[in-house]
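Enquirer: Got a structure for you, written out below as structure tokens; questions coming shortly.
The values are calculated or read from the model by the stated rules, or taken from the named source; none is laboratory data. Note that this is a predicted model, so its numbers are computed, not measured. FYI the Cβ positions are ideal-geometry reconstructions off the backbone, even for glycines, and counts take in every protein chain you see.
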Amino acid sequence: MVMGAKLTIDGLEVASTWNGSDLVALDGLRIKWGRDDPYDDTEPGTLSASIIDPTGQWSSDQNLAGRTIEVARTSGTAAVVMFRGKITRATLTRRKLSNPATGTRQPVWVVNLSAGDTLASAAATVLSGEMGDGSVEGLGGWGEQSPGTRLANAMARGGSAVFTDRDPIVYDVLGNGTVHRWMHGTPASEQWTLLDLLAQAYKLSPLGVVGYDPDTGVAKLCSFAAASNVVLVYTNQTVTLQLPSGRVVDAAKVALPDDATVETTAAEAIDTVQLSYYWYGKDPNVSGGSAKRVTYTNPFIQRTTAHGLESGTNRVLKVDTWAMYLDPSEYAAGAVDSRNRFIGWLADQVTSIVNSLNGQLRMPSVRFDDKRLPLDAAATDAIYRPLQSTTPLYFAGSVFNVLENAGPQYQIIGGTLTYNRGWSHDVNVCAARSLTPPDLTIAQLFGSTSAAQIGQFDSAIRLGDLATITQGL
């Protein structure tokens with residue numbers, strides 16, 4: 001069953017197809033979301049839609065700009081929201097279209113809408129922080145605090161009117177104790193938006209960015225997927241591929257352009273990671289006999305990637321954070337150790353991610369088409385969403401699986417959802433954090449005691465897939 005679309009404007013549902021007499025009807029829409037590059041910040045999502053308004057009365061009787069708009073994909077009685085936002089622009093164009101009821105062409109008004117999603121609303125929302133008169137940050141600024149406290153304060157001070165909730169910040173524990181994230185204060189004069197506040201906090205997770213789930217209304221912390229094991233399994237007289245922590249998609253269900261290309265760019269050859277932060281301590285310009293004065297400086301820490309150890313270049317990935325390092329001499333012994341460990345830990349984690357993406361071939365955009373190449377229900381629910389997931393995808397039988405440094409597991413980081421009497425999704429992918437296959441022998445792949453036969457291999461499996469297996473039969 002092909003999925004449908006439900007579009008509502010201030011609660012008024014627009015018919016998904018024109019029957020020749022409806023007041024208004026949908027004539028196609030596009031939702032662009034996420035990002036193109038794995039090291040980019042997330043951009044707010046945008047929607048463009050065309051609505052047939054035969055008489056023009058509906059669109060001319062009201063000011064559409066600023067009204068709420070919501071789009072859901074439907075299947076039977078179930079609906080999953082794909083977009084929530086505000087209309088930013090509406091234009092009316094006179095056109096002749098074929099009336100499906102009469103079979104004749106008639107002049108109608110076509111309303112072209114543009115809208116920004118809830119992240120766009122967050123980018124336009126400036127909140128007043130908890131700091132008061134006489135503070136370093138100034139009245140309405142945001143104080144030095146943990147990112148969890150920053151997020152809680154932002155939600156309490158108006159963020160909950162934009163998002164229903166937000167992903168929490170999870171503290172990480174090392175062998176030598178807890179790593180505490182601690183953030184520099186934000187001056188009131190900076191007038192940071194709600195999206196800025198979220199981005200500041202989420203950047204204290206390794207290369208974390210802000211995402212948004214329109215179905216739940218929750219601001220999401222998006223991070224990088226780790227590759228799963230690829231297991232060869234024999235059940236019900238069929239040999240299949242399974243990813244215990246991922247998802248297998250038959251490559252025959254994915255559309256590629258005829259001239260599909262892969263490439264490698266400077267972004268896949270990072271030599272150095274530079275992570276900036278704030279240092280807080282005694283002003284080094286104050287002499288011993290002067291009054292004590294503290295200050296902030298804005299240094300950075302560097303890590304060399306595995307690629308950088310071998311190359312003669314210095315391609316730098318800059319990560320700007322509001323993390324803080326506190327001068328230990330200003331505090332009781334050990335009091336700030338857990339916070340000060342964080343800077344090095346974050347630099348190490350970012351470098352680990354960069355090492356896993358360096359050298360990877362960049363894949364072309366791929367298309368899922370619900371009308372032509374429908375997926376099973378579980379895969380449909382996972383893929384037809386405008387949200388980055390940490391669940392890695394493996395495309396069984398892909399022509400790219402035979403290429404060195406091409407995945408073979410990926411995550412969706414952005415894309416364009418299109419509805420035109422059916423849904424399609426052009427997705428941007430990046431490689432999941434690599435898991436080096438162990439180069440299994442033929443005996444390890446098939447097992448000396450397995451009853452599986454060559455004719456029982458799933459049709460999606462190709463010879464190139466066997467080189468990606470981490471656990472044989």
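Enquirer: Return a yes/no flag: does the range 462-473 have any residue that is assigned by TED's automatic domain parsing to the domain that holds GLN242, under 32 Å from the mean Cα position of the chain (by Cα) and at pLDDT 85 or above.
Expert: no
Enquirer: It is to be established whether one or more residues within the range 83-99 are closer than 30 Å to LEU317 by Cα, at pLDDT 85 or above and among the hydrophobic types (A, V, I, L, M, F, W, C).
Expert: Taking the range 83-99 and keeping what is closer than 30 Å to LEU317 by Cα, we get none.
Checking the range 83-99: not a single residue is closer than 30 Å to LEU317 by Cα, at pLDDT 85 or above and among the hydrophobic types (A, V, I, L, M, F, W, C).
Enquirer: Moving on. Considering only the range 365-387, I want to know if a residue exists there that is modelled with pLDDT under 90 and at positive phi.
Expert: Within the range 365-387, none of the residues are modelled with pLDDT under 90 and at positive phi.
Enquirer: Mind checking which pairs have a first residue in the range 130-151 that is at positive phi and a second that is in a loop (DSSP other than H, G, I, E, B) and not hydroxyl-bearing (Ser, Thr, Tyr), Cβ under 6 Å, 6 or more apart or different chains?
Expert: Going by the 6 Å Cβ cut-off, the qualifying pairs are GLY138/PRO187; GLY140/GLY129.
Enquirer: A further question follows. Which residue out of ASN112, ASN63 is free of Cβ contacts under 8 Å to residues at least 12 places away in the same chain, polar (S, T, N, Q) and more than 18 Å from ALA219 (Cβ to Cβ)?
Expert: Values: ASN112 fails: free of Cβ contacts under 8 Å to residues at least 12 places away in the same chain.
So the residue among ASN112, ASN63 that is free of Cβ contacts under 8 Å to residues at least 12 places away in the same chain, polar (S, T, N, Q) and more than 18 Å from ALA219 (Cβ to Cβ) is ASN63.
Enquirer: Another question, if that's okay. State all residues of the range 322-351 that are without any contact (Cβ under 8 Å) to a residue 60 or more places away in the chain, surrounded by fewer than 19 Cβ atoms within 10 Å (Cβ to Cβ) and either touching a His at 6+ places or on another chain (Cβ under 7 Å) or not in a helix (DSSP H, G or I) (or both); if no residue qualifies, say none.
Expert: Across the range 322-351, the qualifying residues are ASP327, TYR331, ALA332, ALA333, GLY334, ALA335.
Enquirer: Then there's this: How about the range 376-385: which of its residues are surrounded by 17 or more Cβ atoms within 10 Å (Cβ to Cβ) and part of a loop (DSSP other than H, G, I, E, B)?
Expert: If the condition is that a residue be surrounded by 17 or more Cβ atoms within 10 Å (Cβ to Cβ) and part of a loop (DSSP other than H, G, I, E, B), then TYR384, ARG385 are the ones that fit.
Enquirer: Residue check, THR216 against (1) at pLDDT 95 or above; (2) on the phi > 0 side of the Ramachandran plot, all met but one. Which one?
Expert: (2)
Enquirer: Give LEU29, LEU92 a once-over and let me know the one that is in contact (Cβ under 8 Å) with a residue 12 or more places away in the chain and closer than 25 Å to GLY422 by Cβ.
Expert: Numbers: LEU92 fails: closer than 25 Å to GLY422 by Cβ.
Of the residues listed, the single one that is in contact (Cβ under 8 Å) with a residue 12 or more places away in the chain and closer than 25 Å to GLY422 by Cβ is LEU29.
Enquirer: Among the residues of the range 147-162, is there at least one that is more than 30 Å from the chain's Cα centre (by Cα) and either within 15 Å of LEU195 (Cβ to Cβ) or among the aliphatic types (A, V, I, L, M) (or both)?
Expert: Keep residues of the range 147-162 that are more than 30 Å from the chain's Cα centre (by Cα), which gives none.
Within the range 147-162, not a single residue is more than 30 Å from the chain's Cα centre (by Cα) and either within 15 Å of LEU195 (Cβ to Cβ) or among the aliphatic types (A, V, I, L, M) (or both).
Enquirer: Hey, another quick one. With (1) in a loop (DSSP other than H, G, I, E, B); (2) out of contact with any helix residue (DSSP H, G or I) (no Cβ under 7 Å at 6 or more places or on another chain); (3) small (Gly, Ala, Ser) as the list, and GLY138 as the residue in question, which single condition is left unmet?
Expert: (2)
Enquirer: Looking only at the range 274-295, decide whether some residue is outside any strand (DSSP E or B) and under 21 Å from ASN355 (Cβ atoms). Even if it seems obvious, please write down each step before you answer.
Expert: So in the range 274-295, the residues outside any strand (DSSP E or B) come out as 283-293.
With the extra rule that they be under 21 Å from ASN355 (Cβ atoms), the set shrinks to none.
No; the residues of the range 274-295 include none that is outside any strand (DSSP E or B) and under 21 Å from ASN355 (Cβ atoms).
Enquirer: Mind telling me which of the residues VAL2, VAL14, VAL71, VAL81 ends up being exposed (fewer than 13 other Cβ atoms within 10 Å of the Cβ) and of a type in the set (Val, Ile, Thr)?
Expert: On the way: VAL14 fails: exposed (fewer than 13 other Cβ atoms within 10 Å of the Cβ); VAL71 fails: exposed (fewer than 13 other Cβ atoms within 10 Å of the Cβ); VAL81 fails: exposed (fewer than 13 other Cβ atoms within 10 Å of the Cβ).
Answer to the selection: VAL2.
Enquirer: So is THR104 closer than 24 Å to TRP423 by Cα and either surrounded by 13 or more Cβ atoms within 10 Å (Cβ to Cβ) or polar (S, T, N, Q) (or both) or not?
Expert: Working: closer than 24 Å to TRP423 by Cα: no; either surrounded by 13 or more Cβ atoms within 10 Å (Cβ to Cβ) or polar (S, T, N, Q) (or both): yes.
No, not satisfied.
Enquirer: Still on this structure, I have one more. Where residues in the range 308-321 are more than 26 Å from the chain's Cα centre (by Cα) and in contact (Cβ under 8 Å) with a residue 12 or more places away in the chain, which of them is nearest to TRP142 (Cα to Cα)?
Expert: Out of the qualifying residues, it is ASN314.
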